[in-house]
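Single-structure report; data block below.
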Amino acid sequence: MSAQSRIAACLLSLALGPVALAQTSATSTTESTAVAQQTKSGEVVAAYGNNVVLKEADGLHEYTVPDGFKFDVNGSPTSPDMLEPGMKVNAAITDKITTRQVRLTRIESGTVKQVAPGGFVLQDDKTKELRSYNFKDPAGNDIHYLRDGKEVPLRNVKMGDRLAGTFVTTLPPQQVSQRSVVAKATEPTPPPAPAPVAVASATPHRLPKTASPLPLIGLLAALFAGTALSLRAARR
């Protein structure tokens, strides 16, 4: 096959689909982790199934907890539907977000033989093998060429350019979120006991002892004397 035919075949491969960096020689991955924490607290208004309605400082909010989630009620695991209105809930929520960045690299050395709207054809300096490369990866991101420590977009190459370095493509970042929740609920505070009502004492007040029995004895004596005199007069 002539060189022109091989170049035409490479250009055709560019039109058929993305093949750039198909023979990647190295993959580097970097990860970064961010942790966010928040606290939710409120009073249980209603609980049914996996749903809990809380009365918070800014109003009513309904939350759906995952299957199997338990609240800590006085040290005892309790399902959401067992919560009672009036219970106080305090939940500590921790979100852990891991961002993964993947870079694909391939070391190449050759001469640009042809440039098409979607990519170019590179001829290896040693093997004279022709390979086609797209300007963008399958995700639509620009592929860069690392030259003198700087990343240059491949779409800037021109026919006849000599490339000797590393082709770099950065894939879209991948994020993985992980949430953990620790929720505690406490029994509602019982209402205060009613104050005892004062009951008046039914014990009668004893009057002070100021009288003497002598007047009563004198009265009885006078009565008996009068009766005797009456009987004596009746006999006469």
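The values are calculated or read from the model by the stated rules, or taken from the named source; none is laboratory data. The structure displayed is predicted, hence computed values, not measured ones. Because the Cβ atoms are built from the backbone with ideal geometry, glycine has one as well, and the counts that use them run over all protein chains shown.
Side notes on the structure shown:
- Only one of the listed residues (Asp81, Asp72) is closer than 30 Å to Thr189 by Cβ, within 25 Å of the chain's Cα centre (by Cα) and in a helix (DSSP H, G or I). That residue is Asp81.
- Cβ-Cβ under 8 Å pairs, at least 6 apart or on other chains, the stretch 67-89 side basic (Lys, Arg), far side part of a loop (DSSP other than H, G, I, E, B) and surrounded by 14 or more Cβ atoms within 10 Å (Cβ to Cβ): Lys70/Ser79
- In this structure, Gly165 does not satisfy being free of Cβ contacts under 8 Å to residues at least 40 places away in the same chain and either under 17 Å from Ser28 (Cα atoms) or not assigned by TED's automatic domain parsing to the domain that holds Gly110 (or both).
- Residue in the stretch 151-162 that is of a type outside the set (D, E, K, R) and at pLDDT below 65 present: no
- Candidate set: the stretch 172-187, residues that are assigned to a loop (DSSP other than H, G, I, E, B) and touching a residue at least 60 places away in the same chain (Cβ under 8 Å); chosen: the one farthest from Glu31 (Cα to Cα): Glu187
- Selection count where residues are assigned to a loop (DSSP other than H, G, I, E, B) and either surrounded by 11 or more Cβ atoms within 10 Å (Cβ to Cβ) or of a type in the set (Gly, Ala, Ser) (or both), scope the stretch 158-171: 4
- Top-ranked residue of the stretch 38-69 - restricted to ones that are surrounded by 10 or more Cβ atoms within 10 Å (Cβ to Cβ), of a type in the set (Gly, Ala, Ser) and not in a loop (DSSP other than H, G, I, E, B), ranked as nearest to the chain's Cα centre (by Cα): Ser41
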